[in-house]
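What follows is one structure encoded as structure tokens, with my remarks underneath.
Each reported figure results from applying straightforward, stated rules to the coordinates on display, with no laboratory input. The structure displayed is predicted, hence computed values, not measured ones. Cβ placement follows ideal geometry from the backbone for every residue including glycine, while neighbour counts extend to all protein chains displayed.
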Amino acid sequence: MPLRSRIAGTGMSVGNRVVTNAEMTQWMDTSEEWIEQRTGIKERRWIDETQRPSTLAAEATNQALEQAGLEVGDIDCILLATLSGEHDFPGTSFFLHELIDAGDIPCVDLRAQCSGFLYALQMGDALIQTGSHKRVLVVGAEVHSTGLDISTEGRDVTVIFGDGAGATLLEAVEAEADGPGVLQIRCHAQGKHARRLWTEGPSSARHPHRIDEQALAEKKHFPHMEGRFVFKHAVTRMPEVLLETLGGASLELDDVDLFLFHQANLRINEAVAQRLEIPKEKVRNNIERLGNCSAGALPILLAEASRDGSLQPGQLVSLTAFGSGFTWASAVVRWG
Ligand code: UT7
């Protein structure tokens, strides 16, 4: 019988520091009302000095292992999605590998920004379907806060980002008709929009040094975004890929019990739900508490939903993301 990836465990970890909208008003020309009305965010979590991307990822991983009743030695491979690597190289996955003492199993970082978790899930799922790997750890981990322009110039981007990681442990199971597992994943990209949401430096394309005084003065080391352009694409691409993915699994919107969307802006998610006529009670958000944790957002939502009983065995959960690249992707999973 063909194989499928069951999500056997989930975990999450966020920054220790609660950063409220009121705190933002001390650094930049903004208001609590603007942030909440335009984004839905009330507060976000940023790391303190004791945390880094790999410590967030390790905490999430340990929870996922515990939920699955497994040990580190049971994992065959680690895939970690991030846009905020702990160092230039090697990838954050290697520092996670060190922290959890993963022996000599392979690990690798994937860079597909806010859709990164779904890209990594697709690759982990493919490894499992070939039969070569039994258990794959798929993590999304971000620390944005140490790379943001907290002055008024950076206010559009800075107010939306939070720090957090989520982990899922994929396990090979036989693909039974109504059995649990990842049923379908679709990923897309359009590199022609890469510069619409990006952090230009440090850059290996810059001569003679990757970063210099001029680049710092021009704030090339901070993220820049054409917010409205990104917003418009997100509300078009997310419904498209969600429907494409459900269609690939011969499912209808009504079959889905829970919809999880990337957490970039509550208004994006409300617009997507409205376009697809998805009832509010079927959508779960956490952006009001956590902000936008990019690749961490969807696995954190999954961990929360699987822990508070919102996701029951046999139910169908749909996950959809849009982000820098541009990238967009969707997955549908039968829980259990
Ligand atoms: O995670 C990856 C994908 N990312 C996204 O999907 C994000 C998509 N974009 C967005 O969520 C929104 O575009 C933002 C939240 C980033 C910005 O909201 P917006 O409603 O699109 O605002 P805008 O950029 O069109 O700016 C409207 C006004 C501008 O002022 P003027 O030119 O009209 O005077 C901005 O300068 O709001 C101003 N503004 C702010 N004002 C107070 C922008 N950011 C802020 C701020 N506080 N933080």
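So the label point goes 7 Å from the Cα of His221 along Cα→C-beta, right? Which residues of region 140-163 then have their backbone N under 19 Å from it?
So the set is 143-155, 157-158.
For Trp34 and Met1, FRET efficiency with R0 = 51 Å and r from the beta-carbon atoms, rounded to 0.05?
Details: r = 54 Å, r/R0 = 1.07.
Efficiency for this residue pair is about 0.40.
Counting alpha carbon pairs within less than 8 Å and at least 6 residues apart, what relative contact order, in whole percent, applies to the chain? List each step's numbers first, then the result.
Numbers: 831 pairs, mean separation 88.2, N = 336.
In percent, rounded to a whole number, it is 26.
Calculate the radius of gyration of the Cα atoms of region 181-334 to one decimal place, then report Dmax, the largest Cα-Cα distance, as a whole number, both in Å.
17.6, 56
Counting other beta carbons within 10 Å of each residue's own, what order do Ser5, Ser310, Ser250, Ser54 fall into, fewest first?
Fewest-to-most Cβ neighbours within 10 Å comes out as Ser250, Ser310, Ser54, Ser5.
Can you classify region 1-61 as rounded, prolate or oblate using the Cα gyration tensor, where a ≥ b ≥ c are the square roots of its eigenvalues, rounded means a/c under 1.5, and otherwise it's prolate if a/b beats b/c and oblate if not?
Cα axes put region 1-61 in the oblate bin.
So what are the ³J(HN,Hα) numbers for region 255-270, from phi and the Karplus equation (6.51, -1.76, 1.60; θ = phi - 60°), rounded to whole Hz, Gly and Pro as x?
Couplings: 6, 7, 8, 9, 10, 10, 10, 3, 9, 9, 6, 4, 5, 5, 5, 5 Hz.
What translational D, rounded to a whole number of µm²/s, comes out for region 44-194 from Stokes-Einstein when the hydrodynamic radius is the Kirkwood one over Cα pairs, at 25 °C and 0.890 mPa s?
149
Which far-off residues, 5 or more places away or on another chain, put their amide H under 5 Å from the one on Val283, with H placed in the peptide plane?
Phe259
For Ala22 and Leu99 in the same chain, what is the full-extension length gain: residue separation times 0.36 nm, less their Cα-Cα distance, in nm?
Fully extending the segment from Ala22 to Leu99 adds 24.2 nm.
Between Leu83 and residues 5 or more places away or on another chain, which pairs have amide H atoms under 5 Å apart, with H built 1.01 Å from N, and which residues are they?
Amide H neighbours of Leu83: Ala295.
Could you compute the FRET efficiency for Arg111 and Ala177, with r as their C-beta to C-beta distance and R0 at 41 Å, rounded to 0.05?
0.70
In whole Hz, with x marking every Gly and Pro, tabulate ³J(HN,Hα) for region 239-249 from phi via Karplus 6.51 cos²θ - 1.76 cosθ + 1.60, θ = phi - 60°.
Listing the rounded values in order: x, 4, 6, 5, 5, 4, 5, 4, x, x, 9 Hz.
Dividing the Cα convex hull volume of region 260-324 by residue count, how many Å³ per residue is that?
Per-residue hull volume (Cα only) is 91 Å³.
Equivalent-ellipsoid semi-axes (√(5λ), Cα gyration tensor) for the chain, whole Å, largest first?
They are 30, 24, 18 Å, listed largest first.
Using label points projected 7 Å from each Cα along Cα→Cβ, tell me how many nm separate Arg210 and Lys232, to one decimal.
Going by the 7 Å Cα→Cβ label model, 3.5 nm.
Can you work out ³J(HN,Hα) from phi for every residue in region 297-308, in order, using Karplus 6.51 cos²θ - 1.76 cosθ + 1.60 and θ = phi - 60°, giving whole Hz and x for Gly and Pro?
For region 297-308, the Karplus curve yields 4, 5, x, 5, 4, 4, 5, 5, 5, 6, 8, 9 Hz.
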